[in-house]
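The values are calculated or read from the model by the stated rules, or taken from the named source; none is laboratory data. What you see is a predicted model, and the numbers here were worked out from it, not measured in a lab. Don't worry about glycine lacking a Cβ; one is built from the backbone with ideal geometry, like all the others, and counts go over all protein chains shown. The protein model used for the area step is the full one, side chains on, heavy atoms only, and it has no ligands, DNA or RNA in it. Shrake-Rupley method; radii C 1.70, N 1.55, O 1.52, S 1.80 Å.
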Amino acid sequence: MKIIIVGGGKTGATLAASLNEEGHDVTIIDYNAERISTICNNNDVMGLLGNGMNYSALSEAGIEDADLLIAVTGSDEQNLLCSLFAKKNDHCSTIARIRNPMYLKETEFIKEQVGLSMVINPEFAGAMEISQLLRFPSAIEVSTFARGRAEMLTFKIPEGSILDGKNLTYVRTKLESDVLFCCIERDGQFTIPSGMFELKAGDKATIMIETKQAHRFFQTIKYDTHSIKSAIIVGGGTIAFYLAQILLESRIAVKIIERDEARCNELAELLPNAMIIHGDATDKNLLMEEGIATTDAFVALTGFDEENVLLSLYAKEMADIKVITKVDRPIFTELAENLTLDSIIQLHDITTEHILQLVRAKQNAMGNNIETLYRLFDGKVEAVEFNISQNAQGIGVPLRKMNLKKNLIICGINRGKRFILPDGDTTIQPGDRVIVVAGQTKLNDFKDILE
């Protein structure tokens with residue numbers, strides 16, 4: 001596909017790299033020459049110095065022949081204007097990033113009126129992901145499938161766990177747990193496991209499980225399943241606002257610590273049921289006074305990666321609580337993972353996942369469309385949910401007889417109102433939503449799982 005990205009900030013750069021890796025013809029427009037130079041030097045993409053709000057710049061970038069325009073400048077209004085210009089090309093789909101909370105309730109109206117294929121709000125999407133992690137404090141990552149009916153959860157197997165030294169057949173039969181292990185990370189290596197694969201303490205295990213069964217499974221393996229009743233959020237930006245709204249609706253007590261007094265006053269008006277503290281969260285006395293030792297969760301959402309990582313480390317040292325850390329730069333993602341922090345949130349990755357999902361679906365508009373896409377373990381593993389069409393390959397064939405590619409597993413089937421964890425005798429039927437986990441394989445269509 002020919003794709004134009006307007007906006008060369010962190011999100012634009014991440015998108016350019018990911019879409020280039022997927023084999024698309026990418027052109028990026030930005031008014032900052034240094035940004036354009038950096039992106040083009042690091043990726044095989046075209047760069048254009050200019051203003052995406054000018055149709056002449058879009059024309060020079062090839063808008064007349066483009067299949068997709070993605071507007072991710074720093075201004076919501078500019079993104080919408082770029083999208084309107086792009087619609088002069090009838091076959092060009094458009095995606096706009098819209099971040100301002102005042103537009104949140106108008107999203108569907110804006111999408112319809114402007115003719116957008118997708119509206120992406122990274123901060124709201126990030127807040128939703130954090131809220132899911134707080135529903136399952138034991139999990140490092142949580143991905144939702146089958147329209148909320150199933151969860152893919154990643155957790156670390158601790159020393160002394162009843163899973164240590166057990167193979168997967170034992171787990172599913174002897175522990176009577178209706179769960180399917182999709183992927184195991186051990187010492188930086190990823191494995192799509194078979195039934196005889198033996199788990200070890202320190203493994204990061206990714207499982208597929210029906211949502212209503214998740215707490216029971218963690219109780220069975222004697223993992224902490226306590227619910228979150230209180231949370232401290234550091235940083236009062238947009239993502240913190242969205243997160244606080246979601247948590248308060250779930251009756252979770254929320255404290256927000258923010259340096260800027262004017263922003264504190266705004267948040268106090270917007271969130272009357274939250275406690276807003278004007279102060280510096282790097283002051284450990286303030287954190288102690290506000291109950292870091294007794295809260296259930298700590299979420300670091302400042303605009304500085306270094307501060308978020310250090311605050312998270314301090315929170316882990318002070319109490320055995322769920323800690324979530326927002327980072328933007330890849331170097332800090334690697335650092336945070338090496339420091340064994342609980343869960344890392346990257347808004348650019350969340351945005352990229354949503355957009356890749358749409359791009360792959362558009363590539364295969366007449367086939368088995370992609371319903372959901374998640375990238376796990378820093379993009380090394382993908383989990384994709386397909387809608388299965390009438391003419392899909394493999395329909396009615398038991399999974400054990402399908403010639404599946406290596407390093408790949410079918411780990412869930414949503415059929416009507418029923419969610420199925422498949423075994424070798426399970427067959428796929430038209431209308432199913434099938435969840436596939438694959439390492440090092442980019443799936444555009446369900447047929448891509450076959451040799």
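Straight-distance candidates among the lysines for linking to LYS229, with alpha-carbon spacing under 16 Å and chain neighbours fewer than 8 residues away dropped: LYS255, LYS322. These residues, THR294, THR372, go from largest to smallest accessible area, 1.4 Å probe, as THR294, THR372.
Projecting the Cα atoms of ALA274, LEU247, ILE428 onto the charge dipole of the chain, computed from C-beta unit charges around the Cα centre, puts ILE428 farthest toward the positive end. Basic side chains Lys and Arg get +1 at the Cβ, acidic Asp and Glu get -1 at the Cβ, and with that the dipole of the chain about its Cα centre reaches some 1640 debye. When MET1, MET46 are compared by accessible area of protein heavy atoms, the largest-first order is MET46, MET1, using a 1.4 Å probe.
Dipole magnitude for the range 25-158: computed about the Cα centre from +1 point charges on Lys and Arg Cβ and -1 point charges on Asp and Glu Cβ, it is near 620 debye.
Distance between the C-alpha centres of the range 66-89 and the range 109-158: 25 Å, rounded to the whole angstrom.
Residue pairs exceeding 30 angstrom between C-alpha atoms, taken from LYS204/LYS442; LYS417/LYS447; LYS200/LYS380; LYS2/LYS417: LYS2/LYS417. For ARG415, the accessible area of its heavy atoms, probed at 1.4 Å with every protein chain present, is near 70 square angstrom. Can you classify the range 1-100 as rounded, prolate or oblate using the Cα gyration tensor, where a ≥ b ≥ c are the square roots of its eigenvalues, rounded means a/c under 1.5, and otherwise it's prolate if a/b beats b/c and oblate if not? Note, shape of the range 1-100 comes out rounded.
Sort out for me the Cα centre separation of the range 172-227 from the range 421-436, rounded to whole Å. Using only Cα atoms to place each centre, the spacing works out to 20 Å.
Considering the dipole of the chain built from charges on the beta carbon (Lys and Arg +1, Asp and Glu -1) around the Cα centre, which of SER56, ILE110, PHE145 is farthest to its positive end? So the residue furthest toward the plus end is PHE145. Ordering ILE370, LEU356, ASN265 by the projection of their Cα atoms onto the charge dipole of the range 256-398, which places +1 on the Cβ of Lys and Arg and -1 on the Cβ of Asp and Glu, puts ILE370 at the extreme positive end. Only the Cβ atoms of Lys and Arg (+1) and of Asp and Glu (-1) were treated as charged; on that basis the dipole of the range 349-451 about its Cα centre amounts to roughly 180 debye. Only Cα pairs under 8 Å and at least 6 apart count here; give the relative contact order of the range 238-288 as a rounded whole percent. Relative contact order here is 35 percent.
Each Cα pair under 8 Å and six or more residues apart adds its separation to the average, and for the chain the resulting relative contact order is 11 percent. The value of relative contact order for the range 1-119, using C-alpha pairs under 8 Å at least six residues apart, is 23 percent. Residues LYS326, LYS447, LYS417, LYS229, sorted by accessible area with the largest first, give LYS417, LYS229, LYS447, LYS326 [1.4 Å probe; ligands and nucleic acids excluded]. A viscosity of 0.890 mPa s and a temperature of 25 °C, combined with the Kirkwood radius over C-alpha pairs in the Stokes-Einstein formula, give the range 349-451 a diffusion coefficient of 178 µm²/s. With helices as the sole contributors, the chain gives -9500 deg cm²/dmol at 222 nm; each DSSP H run of n ≥ 4 counts as -39500 (n - 2.57), and the sum is divided by every residue.
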